[in-house]
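Encoded as structure tokens, the structure appears first; notes follow it.
Here, each number is a calculation from the coordinates, and none is a lab measurement. Keep in mind that this is a model prediction, so the values were computed, not measured. Note that each Cβ is placed from the backbone with ideal geometry, even for glycine, and that neighbours are counted across all protein chains shown.
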There are 2 protein chains.
Amino acid sequence: MDELFVTTVVTSWKLIVNRLNERFAPLDYEQLQKQVAPNKNRLFYLLGHLTAVHDRMLPLLGIGERLHPELDEAYLTNPDQTISDPLPASDLKKAWSEVNAAITSAIEKFSIDDWLKKHTAVSDEDFSKDPKRNRLAVFLNRTNHASYHMGQIALTR
Amino acid sequence: MDELFVTTVVTSWKLIVNRLNERFAPLDYEQLQKQVAPNKNRLFYLLGHLTAVHDRMLPLLGIGERLHPELDEAYLTNPDQTISDPLPASDLKKAWSEVNAAITSAIEKFSIDDWLKKHTAVSDEDFSKDPKRNRLAVFLNRTNHASYHMGQIALTR
């Protein structure tokens, strides 16, 4: 029963990651320069941003070291078009796949107890006051974050 | 333990609904005519669309009859600007609040067993083959759907 609950949550994450994969995979560097709306983020920036945010999930969920901290400056701490893209499109797409594969592989092994442990950005004290600040909450938040940007990316079709 | 898992999922839903509420609440009919990008959906259409989709969650999750089926033609089965808006802005916002209140109130009473029951759009036979086609799957899908459109709505800021 618990296992099915967890599997359903993981499936929801896989669906949105696959949807983003399908959208990004066929696009080359030039096509990824398209903005989602006038003067808004480029697809390339959103690919970098989603990769950086998911990369940070590895330490946040306590499942590993970061794989691509080199993306933060261009895609997390600064707005689009202020820092040169640090990676070519093929390497950025590879980083995106690597990071998601690392997350999916780790969370598929989580028990319901693992999901309800605290994430690493909350203190023991704060967690004891609010046990909803668990790994599941972070994970659902990031799934919603990916959906949020997927909605923007869909506007370029 | 199970209860905490369920509470965390419901909290994720409430966060996105509140975020949409905050965005829609201060806007009048004229302001809601803004499109999220050139030739894309108006904010008014998205408010109607999200209300219709959430209204359909009531029978889908087996928690009640629909409250606002009159929205489907304008916001679900037809694209934006093909059917006249059936309700003024104040009534549409009221419908949005009513529908979300009905869902939240019902799901807050769900046990983990309730979440893992089949939703009403899947047959008994298909559900026995794939028990992931449960109410939780529908609910996470709709939470992601709301996030998807929130990402588009955020572009109008």
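When the GluC sites (Glu not before Pro) in the range B:1-46 are filtered for DSSP coil states and for at most 12 other beta-carbon atoms within 10 Å of their beta-carbon, the remaining sites are B:GLU30. Annotation: amide H-H contacts under 5 Å for A:LYS117 (H modelled 1.01 Å from N, sequence separation of 5 or more, or interchain): A:ARG135.
Averaged over peptide A:94-107, how many Cβ atoms belonging to another chain are found within 10 Å of each residue's Cβ?
Working: counts 0, 0, 0, 0, 0, 0, 0, 0, 0, 0, 0, 0, 0, 0.
Mean shielding count: 0.
D by Stokes-Einstein for the range B:19-157, Kirkwood Rh over Cα pairs, 20 °C, 1.002 mPa s: 134 µm²/s.
Against the 2.2 N^0.38 Å scaling, with N counting residues, where does the protein assembly as shown land? I'd like the Cα-based Rg ratio to two decimal places. Please report the intermediate quantities before stating the final value.
On the way: Rg = 20.0 Å, N = 314, 2.2 N^0.38 = 19.6 Å.
This ratio for the protein assembly as shown stands at 1.02.
Within 10 Å of each candidate Cβ there may be at most 14 other Cβ atoms; applying that plus a DSSP loop requirement, which trypsin sites (Lys or Arg not before Pro) in the range B:1-49 survive? Please report the intermediate quantities before stating the final value.
Working: sites: B:LYS14, B:ARG19, B:ARG23, B:LYS34, B:LYS40, B:ARG42; in loops: B:LYS34, B:LYS40.
In loop regions of the range B:1-49 (DSSP not H, G, I, E or B), the sparsely surrounded trypsin sites (Lys or Arg not before Pro) are B:LYS34.
With Cβ to Cβ distances under 12 Å as the rule, what net charge do the other residues near B:LEU27 carry (K, R +1; D, E -1)? Spelling it out: positives minus negatives among the neighbours equals +2.
For the protein assembly as shown, the mean residue ellipticity at 222 nm estimated from helices alone is -19000 deg cm²/dmol, where every DSSP H run of n ≥ 4 contributes -39500 (n - 2.57) and the total is divided by all residues, rounded to the nearest 500. Hull volume per residue, based on the alpha-carbon atoms of the range B:1-56 and their convex hull, is 93 Å³. Applying 1/(1 + (r/R0)^6) with R0 = 22 Å to the Cβ-Cβ distance of B:SER111 and A:THR11 gives a FRET efficiency near 0.60.
For the pair A:LYS129 and B:PHE127, label points projected 7 Å from Cα toward Cβ lie 4.2 nm apart.
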